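> Before I ask anything, here is the structure I am working with.
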Amino acid sequence: MAGFKDHFSGHAKDYARFRPRYPDAFFDMLAAYSPGHHLAWDVGCGNGQLTSGLARHFDHVHATDASAEQVAAAPEIDGVTFTVEPAERCSLADDSTDLVTVGQALHWFDHPAFFMEANRVLRPGGLFIAVSYALCTITSAVDAVIRTLYRDVLGPYWPPERAMVESGYADIEHPFEPVTLPAMEMRLDWTLADLVNYLQTWSAAQRYEKENGESAVKKIWPNLQAAWGSPDARKKVIWPLNLLAGRPA
């Protein structure tokens with residue numbers, strides 16, 4: 001598709017297996033703030049990290065992504081239709097949708113065109129929310145090694161859109177009336193292998209490996225091992241969620 005920047009199709013299956021999942025409380029909140037529970041549009045759905053939770057609260061979820069490979073890696077979920085569509089051109093009817101969600105994908109979109117489309121499909125009083133997360137926190141020692149990987153090793157390999165994630169979408173202009181939502185975070189108990197698998201799904205890590213023929217994690221591996229300790233030890237991994245929310249004006 002013209003204009004579509006695809007950073008994830010090449011490792012869609014790993015993305016499905018190793019990306020963190022949003023907590024149940026997040027979906028409970030979306031349902032509580034939504035004006036109804038008939039239809040939700042999950043935009044840039046990837047392979048369903050956010051979609052599956054929406055399906056527990058909405059009669060139907062229209063989940064779209066511009067990547068056919070990502071959609072192909074999504075599981076079958078009752079009440080969900082996965083469709084290959086760009087964010088800027090949706091097949092849903094005008095004023096049909098209770099909720100529009102974007103999980104860790106808004107920075108890839110053509111914002112004026114997408115917001116026009118989201119505004120078109122949202123019903124009066126409907127809820128728009130884009131969620132993003134940047135670096136996780138684990139322990140001070142592990143966090144320092146991850147920052148070295150993120151900035152020093154992978155810094156030149158991040159696409160420019162990554163800056164929007166780092167700012168929590170604070171500088172993105174949108175046409176909606178702002179809605180303030182409760183603070184949320186993702187929490188998981190991971191082993192060292194879980195963390196490494198996740199780090200290798202980063203778009204910059206994939207680009208690094210493609211251009212250099214080896215994993216970027218190799219550059220920080222001794223320090224990461226030392227900071228983690230026993231590879232079987234499970235540690236709490238936390239990602240604060242940044243929420244950009246609003247309703248049609």
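We did not get these values from a lab; they are worked out from the coordinates using the rules stated. Note that the structure is predicted; figures quoted are calculated from it, not measured. A quick note on method: Cβ atoms are made from the backbone with ideal geometry, for glycine too, and the neighbour counts reach across all protein chains shown.
> Once you have the alpha carbon radius of gyration of region 110-249, what is it after dividing by 2.2 N^0.38 Å, with N set to its residue count? Walk me through the intermediate numbers first.
Details: Rg = 18.2 Å, N = 140, 2.2 N^0.38 = 14.4 Å.
For region 110-249, the normalised Cα radius of gyration comes out at 1.26.
> Please rank Phe176, Phe109, fewest neighbouring Cβ atoms within 10 Å first, as an exposure proxy. Don't jump to the answer; show the numbers that get you there.
On the way: Phe176 20, Phe109 25.
Ordered from fewest to most neighbouring Cβ atoms within 10 Å, Phe176, Phe109 come out as Phe176, Phe109.
> Show that you can apply the helix-only estimate: for the chain, add -39,500 (n - 2.57) for every DSSP H stretch of four or more residues, divide by all residues, and state [θ] at 222 nm to the nearest 500.
Values: 10 runs with 77 residues, N = 249.
Mean residue ellipticity, 222 nm, calculated: -8000 deg cm²/dmol.
> Of the options Leu149, Thr180, Trp239, report the single residue whose Cα projects farthest towards the positive end of the charge dipole of region 9-247 (beta-carbon charges: Lys, Arg +1; Asp, Glu -1).
The residue sitting most towards the positive pole is Leu149.
> Report the paramagnetic label zone for Glu211: residues of region 153-192 whose backbone N is under 12 Å from a point 7 Å from Cα along the Cα-to-Cβ axis.
Label zone hits: 153-160.
> For region 60-176, give me the percentage of DSSP beta bridges that are antiparallel, rounded to the nearest 5 percent.
Numbers: 0 of 11 bridges.
The antiparallel fraction comes to roughly 0 percent.
> Go through region 170-182 residue by residue and turn each phi into a ³J(HN,Hα) via Karplus (6.51, -1.76, 1.60, θ = phi - 60°); whole Hz please, and just put x for glycine and proline.
Coupling constants for region 170-182: 5, 9, 7, 7, 9, x, 8, 6, x, 10, 8, 10, x Hz.
> Tell me, in nm to one decimal, what length is gained between Arg187 and Asp94 on full extension, where the rule is 0.36 nm per residue of separation less the Cα-Cα distance? Before the final figure, lay out each step's value.
Working: separation 93, 0.36 × 93 = 33.48 nm, distance 3.66 nm.
Going from the current span to full extension adds 29.8 nm.
> Could you check what % of the DSSP bridge pairs in region 9-247 are antiparallel, to the nearest 5?
Taking every DSSP beta bridge with both residues in region 9-247, the antiparallel ones total about 45 percent.
> Looking only at Thr139, Thr83, Thr201, which one moves most when the chain is put into a Gaussian network model with springs between Cα atoms under 10 Å?
Per the Cα network of the chain with a 10 Å cutoff, Thr139 tops the list.
> Label Glu161 and Asp59 with points 7 Å out from Cα along Cα→Cβ: what is the distance between them in nm?
3.3 nm
> Could I ask something else about it? Quick check for you: which residues of region 199-221 have the amide N under 17 Å from the point 7 Å beyond the Cα of Arg151 toward its beta carbon?
Of the residues in region 199-221, 220 have backbone N under 17 Å from the label point off Arg151.
> Moving to a separate point now. Efficiency by 1/(1 + (r/R0)^6): what FRET value for Ile77 and Arg17, r their Cβ-Cβ distance, R0 = 22 Å, to the nearest 0.05? The partial results should precede the final answer.
Working: r = 16 Å, r/R0 = 0.75.
With R0 = 22 Å, the Cβ-Cβ based efficiency is 0.85.
> To the nearest 0.05, what FRET efficiency results for Asp194 and Asp171 with a Förster distance of 25 Å applied to their C-beta separation? Could the numbers behind the result be given before it?
Working: r = 32 Å, r/R0 = 1.29.
Calculated value: 0.20.
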